[in-house]
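Down below is the structure, laid out as structure tokens.
What follows is calculated from the coordinates using simple rules that are stated; it is not laboratory data. In this text the structure is predicted, and so the values were computed from the model without any measurement. Note that we place each Cβ from the backbone using ideal geometry, even for glycine, and neighbour counts take in every protein chain shown.
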Amino acid sequence: MRCPFCGNLETQVKDSRPSEDGAAIRRRRSCQECNGRFTTFERVQLRELMIVKRSGRRTPFDRTKLERSIAIATRKRPVDQEQVDRMVSGIVRELESMGETDIQSEVVGELVMKALRSLDVVAYVRYASVYRDFRETSDFAKFLGDEGLSDNEDT
């Protein structure tokens, strides 16, 4: 593993243990050259997933991009990183278990929407506003009405 500080290829594993959700191995490493310490995570990848965009373009599935979009939706919300990590791992497992290597981008979006709705309603609406391309306040009002998220509900 290359050291992120000096680029040296000689790093040593100091400690290995399962991550909190059990979906990865967390390794503490030390660089032989600069003595820098850093953490890496190893995850099982069952198959190489390709995302098929609306335009028909195919791109490799990027877990980091999924994590980033969820982090934006949950920013300044009472959602901790462990909850986000579990949610992302669950979505990835579901995608891998579909048995297909080509996944429509809409499928990923709907899985994220479903998971966010059960995690945090505000994050769900934030994500939906980008995913569904809301352009006016009436788009929000229609979405909230369609989803049963009216002002008089306790959410």
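Report, largest value first, the span of the C-alpha coordinates of the chain along each principal axis, in whole Å.
59, 36, 26
If you take the Cα atoms of the stretch 1-44, find Rg, then find the Kirkwood Rh from the mean of 1/r over all pairs, what is Rg/Rh?
1.02
Return the FRET efficiency for the residue pair Ser105, Ala24: r is the Cβ-Cβ distance, R0 is 25 Å, and the value is rounded to the nearest 0.05.
Calculated value: 0.50.
Any chance you could list the semi-axes, whole Å, largest first, of the equivalent ellipsoid that the Cα gyration tensor gives for the stretch 21-101, using √(5λ)?
Values for the stretch 21-101, descending: 27, 19, 14 Å.
Choose one of Thr74, Phe134, Pro60: the residue whose Cα lies farthest towards the positive end of the charge dipole of the stretch 47-146 (beta-carbon charges +1 Lys, Arg; -1 Asp, Glu; about the Cα centre).
Phe134
Which value at 222 nm does the chain reach when only helices count, each DSSP H run of 4 or more adding -39,500 (n - 2.57), with the total divided by all residues and rounded to the nearest 500 deg cm²/dmol?
-13500 deg cm²/dmol
Relative contact order of the chain: what whole-number percent is it, with Cα pairs under 8 angstrom and at least 6 residues apart?
16 percent
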